[in-house]
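Data block below; observations after.
The values are calculated or read from the model by the stated rules, or taken from the named source; none is laboratory data. Because the structure is a prediction, the values reported are computed rather than measured. For neighbour counting, all protein chains shown are included, and Cβ atoms are generated from backbone atoms with ideal geometry for every residue, glycine included. Accessible surface areas use protein heavy atoms only, side chains included; no ligands, DNA or RNA. Shrake-Rupley method; radii C 1.70, N 1.55, O 1.52, S 1.80 Å.
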Amino acid sequence: MANRIGGVLGGALLFVLLATHAASGSHRKLAADGCQTVWEAISTQKDYTYLTDALLSTGLAEVLDQQQLDLTLLAPSDTVWDETLPKYGLDTADLIANMTDNQDLWAFHIVRRTIFYSTILNNLGPYNAVTFPTLFPFNRMTFIYRNSSENIYVVGYQGKSVLRTFKDNQGNNPNLCSGRLYRTDVILLPNLDYTSDSDSLPDLAEMNF
């Protein structure tokens, strides 16, 4: 299973990364208000070393290290890696050893829009759900609101998690220059056998929350 994750993006991801980087500007100036980029916020946290290594290895760190950014990162902690990967039949050590071959997995955790809770609640469709494109071409991330729990869930082709506010090592919300950052309770898997956007979506009618 681990070897199937990666190698399907090729030039498509490279094009998206370069376009995003060019649009936001390749040279940053220090923000007067001391704000952080999404990359700076995640890379300084002690329990996100696996994710930061993955983002560095795949070139995604540079994309997230921009002060003008219209992206949202869904961040699983090191604890989440160790607890949830075995459920997918994946091994943490193997995934770490093959970071550059797994760029599609981490591109799937980056949504191509700045997502606020209001963004989700104001755009709900059938099943109280809304989808947004990710940096993994033809794979969309699903967000679902459940009235019973008043929670917003983020749902991959496999795996779902409550969408949780990201806190830094001191328990504070990071002061982001732009973009958004959330934490997840699982690693979200994309659909590697996609042929269209619709193929990447889970069957919402059969999902239990």
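Once you place label points 7 Å from the Cα toward the Cβ at Y88 and S178, how far apart are they in nm?
Placing both labels 7 Å along Cα→Cβ, they lie 2.9 nm apart.
Using a Förster radius of 22 Å, what is the FRET efficiency between Y117 and Q170 based on their Cβ-Cβ separation? Nearest 0.05, please.
For Y117 and Q170, the calculated efficiency is 0.45.
Counting heavy atoms of the protein chains only and a 1.4 Å probe, report the per residue accessible area for the range 62-195 as a whole number of Å².
On a per-residue basis, 42 Å².
Give the calculated FRET efficiency between C35 and Y127 to the nearest 0.05, with a Förster radius of 30 Å applied to their Cβ-Cβ distance.
0.25
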